[in-house]
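The values are calculated or read from the model by the stated rules, or taken from the named source; none is laboratory data. This one's a predicted model, so the numbers in the text were calculated from it and none came from an experiment. Here the Cβ positions follow ideal geometry from the backbone for every residue, glycine too, while neighbour counts run over all protein chains shown. What goes into the accessible areas is simple: the full protein's heavy atoms, side chains included, and nothing from ligands, DNA or RNA. Shrake-Rupley method; radii C 1.70, N 1.55, O 1.52, S 1.80 Å.
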Amino acid sequence: MQVTPTLNEGLKRAFTVVVPSADLQARRDARLAEVAKTIKLPGFRPGKVPATLVKQRYGESVNAELLEEAVNDATAKLFEEQKIRPAMQPKVEVVSAIEDGKDLEFKVETEVLPEIEVPDLSGLKLTRLGAKVGEETVDKALNDVARRSRKFETIEEDRPAAQGDILCVDFVGKLDGTPFDGGTADDVNVEIGGEGFIPGFAEQMQGMKAGEERVINVTFPADYQAVELAGKAVTFDVKAKSLKKAVDPAIDDELAKTIGFENLEQIRKIITEQAEGEYQQLSRLRIKRDLLDALSEKTDFEAPSSMVDAEFNQIWARVEEDRKAGRLDEEDAGKDEETLNADYRRIAERRVKLGLLLAEIGRKQEIQVSREELLGAMQQEAQRYPGQEQMVFEFFSKNPQAVEGLRGPILENKVVDYLIELADVTDKEVTPEELAEIPPAEL
């Protein structure tokens, strides 16, 4: 194999590779001989088909198969000899394909991973925020449980619906005068002044009496899940059927039993444990964010542009989706295209650099992802698709790159755990509200 370097700029490398025809001929003859043993042609016994006929019939397909194999083998050998760690899948261009008596020539371009010097982490100082689950948090959750178990009693008094009343209605939603899918329902309990499924829907029913009909006008939010209705002005023909009041059950052992628990204390315990779990997740998210901000200041190497481009494209696709759906936050919505693009490219570069640094730390500390951890991640992914679990596992078995996509986050979290253990960590108690305030990443 003959290798000629053609580019060496920054992290970019390019080579021209020539594989002698003699090296390929033996492999091609061996492959054709294997084919000859298995094919069946009229007039010939199995394994006795002439080599010239086998070559005539199957030469092109064998050449195509051998081309891919030879290019992959030669590229792997090239990277090993040149001690190249490619950042992304290399770009290959075949100049001269496999033909009788001709050498195979192809060009390969790639970006290499930068040399990463792990910074001194001995003086790393972090603050781990934590919050306790207060009685008011548990009480609020219990009130929500009671609210979901409420019953509705009919109000016999002949009066218009007021704030806090429940109006039982039938309605038909229309777009441009025509009923739309999902816009018709009967016997729906609507709380006057409560949260309607469209802003302005419940509010316009205030003052209606049983038996009264009314047409109300509302506009669907720009980010409404049904795209054909998002941002559209519609009408609803509403008929009030009865006036009711909501009666919340007492928060006691009887309530607990009606929803499948032994007693109220069991519900309080479960609510407390769930809240503690949420607080722990928020605490880890905060300390991980602080750790990454600290590491970001210590990254002093060039990020491969191909990796930054790939990360940016993923981020930008989500930004475009949010923009079309009207979900951009106020800060981003106020930026021009150039500024927004530059901000998210910096985010992409930060993510790539941090990912490479964490991977390098993991490599040097010999932090590994076990087979059991990967299987656990696959099972979690499969649980997202009830009834299709086997298809998910088959997908992973046929797509090693998808498995690597699961390995990355697991390795990152294990490296983060290692660094948190290494750091000087100060614990600080804050309120749940303060714990939930996730500041933006430093760029």
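Toward the positive end of the charge dipole of the range 235-313, about the Cα centre and with charges on Cβ (Lys, Arg +1; Asp, Glu -1), which of Tyr279, Ala240, Asn263 goes farthest?
Result: Ala240, furthest along the dipole toward the positive end.
Diagonalise the Cα gyration tensor of the range 297-368 and give the resulting equivalent ellipsoid semi-axes, square root of 5 times each eigenvalue, largest first, whole Å. Each step should come with its number before you reach the end.
Values: eigenvalues 174, 31, 22 Å².
So the three semi-axes of the range 297-368 are 29, 12, 10 Å.
Give me log10 I(q)/I(0) at q = 0.16, 0.18, 0.28 Å⁻¹ for the range 209-259, Debye formula, one equal scatterer per alpha-carbon, no solvent.
Relative scattering, expressed as log10 I(q)/I(0), comes to -0.73, -0.74, -1.01.
Considering all projection directions equally, how large on average is the shadow of the alpha-carbon convex hull of the range 109-168, in square nanometres? It would help to have the intermediate numbers written out before the result.
Values: hull surface 54.1 nm².
About 13.5 nm², averaged over all directions.
Within 14 Å, Cβ to Cβ, of Arg147, how many net charges do the neighbouring residues add up to if Lys/Arg are +1 and Asp/Glu are -1?
Values: positive: Lys140, Arg148, Arg150, Lys151, Lys245; negative: Asp139, Asp144, Glu191, Glu195, Asp248.
Net of charged neighbours comes to 0.
Using heavy-atom solvent-accessible surface (probe 1.4 Å) with all chains present, what is the largest-first order of Met1, Met205?
So, going from the largest accessible area down, we get Met1, Met205.
Using alpha carbons only, how many angstrom separate the centre of the range 179-248 from the centre of the range 290-331?
40
Could you list the trypsin sites (Lys or Arg not before Pro) in the range 59-154 that lie in coil according to DSSP, counting only those with at most 15 other Cβ atoms within 10 Å of their Cβ?
Those that pass, being in a loop and sparsely packed, are Lys83, Lys102, Lys132, Arg150.
State the extension gain, in nm to one decimal, for the chain segment bounded by Lys324 and Lys102, taking 0.36 nm per residue of separation less the distance between their alpha-carbons.
Once the chain is fully extended between Lys324 and Lys102, it gains 74.5 nm.
Taking square-rooted eigenvalues a ≥ b ≥ c of the alpha carbon gyration tensor, is the range 82-145 rounded, prolate or oblate, where a/c under 1.5 means rounded and, failing that, a/b exceeding b/c means prolate?
Oblate, because a/c is 1.5 or more while a/b does not exceed b/c.
Can you classify the range 208-359 as rounded, prolate or oblate using the Cα gyration tensor, where a ≥ b ≥ c are the square roots of its eigenvalues, rounded means a/c under 1.5, and otherwise it's prolate if a/b beats b/c and oblate if not?
On the way: a/c = 4.29, a/b = 1.43, b/c = 2.99.
It is oblate, given that a/c is not under 1.5 and a/b is not larger than b/c.
To the nearest 20 Debye, how big is the dipole of the chain about its Cα centre, given +1 on the beta carbon of each Lys and Arg and -1 on that of each Asp and Glu? Could you put the intermediate results ahead of the total?
On the way: 60 positive and 89 negative charges, 428 e Å.
Computed about the Cα centre, the dipole is about 2060 debye.
I'd like to know which of Ser96, Phe106, Val308 lies farthest towards the positive end of the charge dipole of the chain, counting +1 on Cβ of Lys and Arg and -1 on Cβ of Asp and Glu.
Toward the positive end, the furthest listed residue is Ser96.
Within the set of other residues whose C-beta is less than 13 Å from the C-beta of Ile287, count the net charge using Lys and Arg as +1 and Asp and Glu as -1. Please list the in-between numbers first.
On the way: positive: Lys125, Arg128, Arg284, Arg286, Lys288, Arg289, Lys428; negative: Asp290, Asp293, Asp417, Glu421, Asp424, Asp427.
Residues close to Ile287 contribute a combined charge of +1.
Just the number, please: carbon plus sulfur as a percent of the accessible area of the chain, 1.4 Å probe, no ligands or DNA/RNA counted. All intermediate terms of the calculation are to be shown ahead of the outcome.
Details: 12990 of 27460 Å².
With neighbouring chains kept in place, the figure for the chain is 47 percent.
P(r) of the chain in 20 Å steps, Cα pairs, percent per bin?
Values per bin, smallest distances first: 15, 35, 30, 17, 4, 0.
At 25 °C and 0.890 mPa s, grab the translational diffusion coefficient of the range 158-208 from Stokes-Einstein with a Kirkwood Rh over Cα pairs, rounded to a whole number in µm² per second.
211
Which aspartates and glutamates does Lys257 reach when only Cα atoms under 20 Å apart count, and residues fewer than 8 places away in its own chain are ignored?
Asp139, Asp144, Asp248, Glu265, Glu273
Which chymotrypsin sites (Phe, Trp or Tyr not before Pro) in the range 137-202 pass both tests, a DSSP loop state and at most 12 other beta-carbon atoms within 10 Å? Could you put the intermediate results ahead of the total?
Numbers: sites: Phe152, Phe171, Phe180, Phe197, Phe201; in loops: Phe197, Phe201.
Qualifying residues, ordered by number: Phe197.
Just subtract the alpha-carbon distance of Ala22 and Lys209 from 0.36 nm times their residue separation and send over the number in nm, one decimal.
Extending this stretch completely gives an extra 57.9 nm.
Residue by residue through the range 78-85, what is 3J(HN,Hα) from phi via Karplus (6.51 cos²θ - 1.76 cosθ + 1.60, θ = phi - 60°)? Round to whole Hz and write x for glycine and proline.
4, 5, 5, 5, 8, 6, 9, 10
Tell me, Kirkwood radius of the range 355-443 from alpha-carbon pair distances, in Å? Present the calculation step by step, with values, prior to reporting the outcome.
Values: mean 1/r = 0.0631 Å⁻¹.
Across the range 355-443, the inverse of the average 1/r is 15.8 Å.
So what J values fall out for the range 150-155 if you push phi through Karplus, 6.51 cos²θ - 1.76 cosθ + 1.60 with θ = phi - 60°, rounded to Hz, Gly and Pro as x?
Calculated HN-Hα couplings, in order: 5, 10, 10, 10, 5, 8 Hz.
Report, by chain and number, residues whose modeled amide H sits under 5 Å from the one on Lys241, excluding near sequence neighbours (fewer than 5 apart, same chain).
Cys168, Val169, Asp170, Gly211
How much accessible area per residue does the chain have, counting only protein heavy atoms and a probe of 1.4 Å, in square angstrom?
Details: 27460 Å² over 443 residues.
Using a 1.4 Å probe on heavy atoms only, each residue of the chain averages 62 Å².
Tally Lys and Arg at +1 and Asp and Glu at -1 over the other residues with C-beta under 14 Å from the C-beta of Val108: what net charge comes out?
-3
Strictly over 26 Å apart at the Cα level, which of Lys232/Lys324; Lys83/Lys398; Lys132/Lys288; Lys174/Lys324 would you flag in this model? The partial results should precede the final answer.
Working: Lys232/Lys324 14 Å; Lys83/Lys398 29 Å; Lys132/Lys288 20 Å; Lys174/Lys324 24 Å.
Flagged as over cut-off: Lys83/Lys398.
Sort the range 141-279 into rounded, prolate or oblate with this rule: let a ≥ b ≥ c be the square roots of the eigenvalues of the Cα gyration tensor; rounded if a/c is under 1.5, and if a/c is not under 1.5, prolate when a/b is larger than b/c, oblate otherwise.
Oblate, because a/c is 1.5 or more while a/b does not exceed b/c.
On a straight-distance basis, which aspartates and glutamates could pair with Lys241 in a cross-link, Cα separation under 18 angstrom, same-chain partners fewer than 8 positions away excluded?
List returned: Glu153, Glu156, Glu157, Asp158, Asp165, Asp170, Asp186, Asp187, Glu191, Glu203, Glu212, Glu213.
Of Lys12/Lys298; Lys77/Lys414; Lys335/Lys414; Lys125/Lys335; Lys140/Lys414, which sit over 26 Å apart, Cα to Cα? Walk me through the intermediate numbers first.
On the way: Lys12/Lys298 24 Å; Lys77/Lys414 32 Å; Lys335/Lys414 37 Å; Lys125/Lys335 35 Å; Lys140/Lys414 36 Å.
Beyond 26 Å between Cα atoms: Lys77/Lys414; Lys335/Lys414; Lys125/Lys335; Lys140/Lys414.
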